[in-house]
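Only one structure is covered here, and it is reproduced in the block below.
Derivation of every value follows stated rules applied to the coordinates shown; laboratory data play no part. In this text the structure is predicted, and so the values were computed from the model without any measurement. We place every Cβ from the backbone using ideal geometry, glycine too, and count neighbours over all the protein chains shown.
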Amino acid sequence: MTRPIHDISIAFAPGTPAWPGDTPCSCGWSWAMADGASVNVSRMVTSPHVGTHADAPLHVARDGAGADHLPLDAFVGLARVIDVRHLRGEITLPHLEAAGYLSGTVRLLLHTGQTVANGTFPEAWPTLAPATVRALVADGLRLLGVDCPSVDARESQTLEVHRQLFGGGAFVLENLDLRTIRPGPYELLAPPLAVGAIDAAPVRALLRPL
C-alpha cells in the first residue's frame, strides 16, 4: 500500500505573514496574455524567510556558509515529530523526553502551535534552552525543524539557538505546518531549493509515515 504524503509546507505567497519589518511576498506579471503577450510570465519579490525555509549559517554569521552549501542529507531521512504545544518559555531536555524524544534522534520537528499557517504572525513561541541544544547536538542531532517563525525567541538579538546548532553541525527548518500531523516517526523529504549564496532557501517539506 502506498504511504500517504503529508505536505507540511507554508507557501511563499501574497498574504503569508512575514517577520515584522521583513519583505513580504508579492507577485505580478512581467508579460500577460491578457495584454497581448504570447505567454504569461510572472514575477515574485519575497524574503526567503516568508514561507517554509532552511536557514543557512550566513543568516547569523558574517562569514558563514550560504544556502548554496546546505547539505541535502541533513534534510532528508528519518525524523521525529514532538508535540510541545503545552510548553511555554524555554524547553529543557526533560520536557522533550516527556513529550516523546528518543536518544539518537537525527531530525527533530517541534509542533509548538505558534505558526503563521494560521494567517497571523505569533507574538511568542517556546524555544530550546541553550543547554538543551548542546545536549541534542551531542546526541547526534543534525536538523531542528519548527512550525514557528524561528528556532530562537521573537525578541532574541543573539540568536543563540541558531548559533549553537550551526556550530555543532546541525541545521534549521522554520515555518513548518504541523497542524494535522500526529507525533511520532516519519520520513522527512525537505531539501532546500538550489539558490545562490544567500542566507536562507525556500523548502517544500513533506512527511511520510513509517
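Of all stretches in the chain that contain no GluC sites (Glu not before Pro) in a DSSP loop with at most 13 other Cβ atoms within 10 Å, the longest one is 1-122.
Could you pull out the trypsin sites (Lys or Arg not before Pro) across region 71-123 that fall in loop regions by DSSP (anything but H, G, I, E, B) with no more than 12 other Cβ atoms inside 10 Å? Here the sparse-neighbourhood loop sites are Arg88. Here the Karplus curve 6.51 cos²θ - 1.76 cosθ + 1.60, taken at θ = phi - 60°, turns the phi angles of region 5-17 into couplings of 10, 9, 7, 10, 8, 10, 6, 7, 8, x, x, 5, x Hz, with x standing for Gly and Pro. 3J(HN,Hα) along region 153-166, derived from phi through the Karplus expression 6.51 cos²θ - 1.76 cosθ + 1.60 where θ = phi - 60°, amounts to 5, 4, 8, 5, 9, 8, 6, 5, 5, 3, 5, 5, 4, 4 Hz, with x in place of Gly and Pro. With neighbours defined as other Cβ atoms within 10 Å of a residue's Cβ, the residues Thr46, Thr127, Thr2 order from fewest to most as Thr2, Thr46, Thr127. Rounded to 0.05, the FRET efficiency of the Trp29 and Ile198 pair, given R0 = 30 Å and the Cβ-Cβ distance, is 0.75. Largest GNM mean-square fluctuation across Val45, Val146, Val137, computed for the chain with C-alpha springs under 10 Å, falls on Val45. Evaluating 6.51 cos²θ - 1.76 cosθ + 1.60 at θ = phi - 60° for every residue in region 92-107, the Karplus couplings come out as 9, 4, x, 4, 5, 5, 5, 8, x, 5, 10, 4, x, 4, 8, 10 Hz, glycine and proline recorded as x. Based on Cα contacts under 8 Å between residues 6+ apart, region 6-209 shows a relative contact order of 29 percent. This ranking places Asp68, Asp152, Asp55 by how few other beta-carbon atoms lie within 10 Å of each, fewest first, which gives Asp68, Asp152, Asp55. Per residue, the chain reaches -3000 deg cm²/dmol at 222 nm when only DSSP H runs of four or more residues are counted, each adding -39500 (n - 2.57).
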